[in-house]
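Inspection log for the structure reproduced underneath, given as structure tokens.
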Amino acid sequence: MLKICCIGAGYVGGPTMAIVAYKCPDIQVAVVDISSSRIAAWNSSSLPVFEPGLDDIVMSCRGRNLFFSTDVEKHVADADIIFVSVNTPTKRQGLGAGKAADLTYWESAARLIADVSTSDKIVVEKSTVPVKTAEAIERILTHNSNGVRFQILSNPEFLAEGTAINDLLHPDRVLIGGRSTPEGQAAVNTLVSVYAHWVPADRIISMGLWSAEISKLAANAFLAQRISSINAMSALCEATSADVTQVAYAVGKDSRVGHRFLNASVGYGGSCFQKDILNLVYICECNGLTEVANYWKQVVQLNDYQKSRFVKRIVSSMFNTVAQKKMAILGFAFKKDTGDTRETPAIDVCQGLLRDNAHLSIYDPQVTEEQIRHDLDMDNPDETHGRSKQINIVSDVYEATEGAHGVCIMTEWDEFKTLDYERIFKHMQHPSFIFDGRNVIDADRLRKIGFIVYSIGKPL
Ligand code: NAD
Ligand code: UGA
């Protein structure tokens, strides 16, 4: 029986390996992590990742051919294929701080693989990494190998949170990068045979290692660029009384452009777009490609502009002050159908409103109070700004909006489309403002109720 071990039981490692185990009953899959609380949650009835459809898949194969464990060494030593799906955040200090990818976790995983391996292994880069990481990893592995042979493959992941299960079951493509040597190609074929259990052959693409590594960064950069492009247009639409939804529809009708990923918003969030573009910028700079670096940097700068523009619009619409005013924040996750708050624009907007002394009442159907407290630094004992007193986290949307001067929609949760807005209007202060950062509500209907509605990229 082929044995797979995945190092890193996070948003990618957990769901990805659950699908491998589900689709390949002939393969034994172990997902390992240094975080014992995360592993305990994967082994419980309350999984650490909220993802539609995930629970059923995990329950159907956990204990059969899917195992979650903190015994990293044992499972790595036993495995034929090792996926490395650890976090690769932006470096906080030292050379490249604020841009380069921090490969500390990757390197420690590679050193552990080298230390405990006594049989040949295929090591698969699942994390998003800078181009040529495979070369660095190869060096670590071969210098400490004691005669064991390693083949490194790049197999970047393209799933999006909230739709991860569908993305994994029906991927647009599976990318496998490997060396062109006979050993490298044999390793590629082994990994192809895993995916071939459920992915059609024409969707499994093999290529060189460096192309596969760059393709992942390029894909995220192109996606984020689309959002920054439509968000740039949203500012122009507001200045000229055009409607960005109509503009996006017209532009997307061109089959060369396509209609997906053209929703104007308060800005993109999530753990990857910003970090991967900054990483791309850093790689370009290291290669002396200043103009290319500046081109991609602008995608991130436009996203920052969009978030601060949103806050300015709120404050200026509410008579230039939100001080002591209750603002309801509806949604805190970076997108719907996830409890993930990494780089969520809600953090920037809340901080902007707090700086203007607003009082916030925050509601999200999936994000825990503990997470919001952490993201807004509410439990910091050294907190000098004393802002935690201005924040209330509630579990009922009507409690959040009661007595509020304004409502800010930060996440496109479906439930926000069908709230009882007549009831909300009755219980709010008047004039009652709604700032829709996701363009999910029917602005005309709400205006008829009496709200003053601000939507992204639309006339007032
Ligand atoms: P995550 O933070 O949710 O999970 C990473 C896990 O790795 C953590 O649980 C951590 O404890 C564990 N870990 C770190 N070092 C370890 C070690 N040495 N040994 C064992 N466990 C270790 O991260 P994620 O969101 O799953 O992302 C992982 C990678 O996948 C990143 O490179 C990211 O860019 C990429 N990616 C993420 C997504 C996404 O939607 N989140 C999609 C595609 C690609
Ligand atoms: C994104 C990519 O879509 C995945 O292919 C990739 O694997 C992943 O990053 C990664 O590398 O981590 P994810 O961040 O989970 O996935 O979610 P997206 O659906 O891409 O949304 C990202 C952000 O953009 C969200 O805040 C979303 O609300 C925003 N967005 C998306 C818009 O503002 N407008 C759009 O039209 C689409």
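Any chance the stretch 130-143 includes a residue that's modelled with pLDDT of 95 or more and either more than 20 Å from the chain's Cα centre (by Cα) or farther than 21 Å from Val12 by Cβ (or both)? No, the stretch 130-143 contains no residue that is modelled with pLDDT of 95 or more and either more than 20 Å from the chain's Cα centre (by Cα) or farther than 21 Å from Val12 by Cβ (or both).
Quick check: anything in the stretch 85-100 surrounded by fewer than 20 Cβ atoms within 10 Å (Cβ to Cβ), of a type in the set (Ser, Thr, Tyr) and within 16 Å of ligand 2 (Cβ to nearest atom)? There is at least one residue in the stretch 85-100 that is surrounded by fewer than 20 Cβ atoms within 10 Å (Cβ to Cβ), of a type in the set (Ser, Thr, Tyr) and within 16 Å of ligand 2 (Cβ to nearest atom). May I ask you to say which residue of Lys297, Lys275 is in a helix (DSSP H, G or I) and within 16 Å of ligand 2 (Cβ to nearest atom)? When all the criteria are applied, what remains is Lys275.
For the stretch 343-370, the set of residues classified as in contact with a helix residue (DSSP H, G or I) (Cβ under 6 Å, 6 or more places away or on another chain), charged (D, E, K, R) and within 14 Å of ligand 2 (Cβ to nearest atom) consists of Glu343, Asp348, listed by residue number. Please work out if Lys132 is more than 15 Å from ligand 1 (Cβ to nearest atom) and under 30 Å from Phe334 (Cβ atoms). For Lys132, the condition - more than 15 Å from ligand 1 (Cβ to nearest atom) and under 30 Å from Phe334 (Cβ atoms) - is met. Regarding Ala160, is this residue surrounded by fewer than 21 Cβ atoms within 10 Å (Cβ to Cβ) and at pLDDT below 95? No. Annotation: Asn294 fulfils all but one of (1) modelled with pLDDT of 95 or more; (2) open to solvent by less than 50 Å² (accessible area, probe 1.4 Å); the unmet one is (2). Checked against (1) surrounded by 19 or more Cβ atoms within 10 Å (Cβ to Cβ); (2) within 16 Å of ligand 2 (Cβ to nearest atom); (3) in a helix (DSSP H, G or I), Phe332 passes all but condition (3). Of the residues making up the stretch 254-272, those that are open to solvent by 70 Å² or more (accessible area, probe 1.4 Å) and more than 16 Å from ligand 2 (Cβ to nearest atom) are Ser255, Arg256.
Assess whether Val194 counts as being away from ligand 2 (no atom under 12 Å from the Cβ), outside any helix (DSSP H, G or I) and either open to solvent by less than 10 Å² (accessible area, probe 1.4 Å) or touching an Asp or Glu at 6+ places or on another chain (Cβ under 6 Å) (or both). Answer is no for this residue. Quick check on the stretch 201-210. Is at least one of its residues within 16 Å of ligand 2 (Cβ to nearest atom), open to solvent by 10 Å² or more (accessible area, probe 1.4 Å) and not in a helix (DSSP H, G or I)? Within the stretch 201-210 (the criterion being within 16 Å of ligand 2 (Cβ to nearest atom), open to solvent by 10 Å² or more (accessible area, probe 1.4 Å) and not in a helix (DSSP H, G or I)), the answer is yes, since at least one residue qualifies. Return yes when Asp379 is within 16 Å of ligand 2 (Cβ to nearest atom), modelled with pLDDT under 95 and surrounded by fewer than 21 Cβ atoms within 10 Å (Cβ to Cβ) and no when it is not. The answer is no for Asp379. Residue pairs whose Cβ atoms lie under 8 Å apart, separated by 6 or more positions or on different chains, with the first residue in the stretch 223-252 and at positive phi and in contact (Cβ under 8 Å) with a residue 40 or more places away in the chain and the second open to solvent by less than 70 Å² (accessible area, probe 1.4 Å) and of a type outside the set (Lys, Arg), are Ser241/Pro459.
For Thr411, indicate whether it is under 20 Å from Gly339 (Cα atoms), of a type in the set (Ser, Thr, Tyr) and open to solvent by less than 10 Å² (accessible area, probe 1.4 Å).
Details: under 20 Å from Gly339 (Cα atoms): yes; of a type in the set (Ser, Thr, Tyr): yes; open to solvent by less than 10 Å² (accessible area, probe 1.4 Å): yes.
In short, yes.
If only residues of the stretch 355-375 that are open to solvent by 10 Å² or more (accessible area, probe 1.4 Å) and part of a helix (DSSP H, G or I) are counted, the one that is nearest to Leu330 (Cα to Cα) is Glu369. The set of residues from the stretch 114-136 being away from ligand 2 (no atom under 16 Å from the Cβ) and open to solvent by 10 Å² or more (accessible area, probe 1.4 Å) comprises Asp115, Val116, Thr118, Ser119, Asp120, Ile122, Lys132, Glu135, Ala136. On inspection, Ser180 passes the criterion of being assigned to a loop (DSSP other than H, G, I, E, B) and touching a strand residue (DSSP E or B) at 6+ places or on another chain (Cβ under 8 Å). Out of (1) open to solvent by 20 Å² or more (accessible area, probe 1.4 Å); (2) closer than 21 Å to Val349 by Cα; (3) touching a residue at least 12 places away in the same chain (Cβ under 8 Å), the odd one out for His430 is which? Of (1) open to solvent by 20 Å² or more (accessible area, probe 1.4 Å); (2) closer than 21 Å to Val349 by Cα; (3) touching a residue at least 12 places away in the same chain (Cβ under 8 Å), only one is false for His430: (2).
Within the set Val251, Val322, the sole residue that is crowded, with 19+ Cβ neighbours inside 10 Å and β-branched (Val, Ile, Thr) turns out to be Val322.
Across the stretch 1-37, which residue is farthest from Asn65 (Cα to Cα) among those that are among the hydroxyl-bearing types (Ser, Thr, Tyr) and within 9 Å of ligand 1 (Cβ to nearest atom)?
In this case the residue turns out to be Ser35.
Which is of a type in the set (A, V, I, L, M, F, W, C), touching a strand residue (DSSP E or B) at 6+ places or on another chain (Cβ under 9 Å), in contact (Cβ under 8 Å) with a residue 60 or more places away in the chain and assigned to a loop (DSSP other than H, G, I, E, B), of Val124, Val129? Can you show your working first?
On the way: Val124 fails: assigned to a loop (DSSP other than H, G, I, E, B).
Result: Val129 is the single residue among Val124, Val129 that is of a type in the set (A, V, I, L, M, F, W, C), touching a strand residue (DSSP E or B) at 6+ places or on another chain (Cβ under 9 Å), in contact (Cβ under 8 Å) with a residue 60 or more places away in the chain and assigned to a loop (DSSP other than H, G, I, E, B).
In the stretch 10-26, the residues that are more than 15 Å from Gly63 (Cβ to Cβ) reach residues that are of a type in the set (D, E, K, R) and within 9 Å of ligand 1 (Cβ to nearest atom) with C-beta atoms within less than 6 angstrom, at least six apart or across chains, in these pairs: Val12/Glu157.
The values are calculated or read from the model by the stated rules, or taken from the named source; none is laboratory data. The structure displayed is predicted, hence computed values, not measured ones. Please note: Cβ atoms are built from the backbone with ideal geometry, for glycine as well, and neighbour counts cover all protein chains shown. Calculation scope for accessible area: heavy atoms of the full protein, side chains included, ligands and nucleic acids excluded. Shrake-Rupley method; radii C 1.70, N 1.55, O 1.52, S 1.80 Å.
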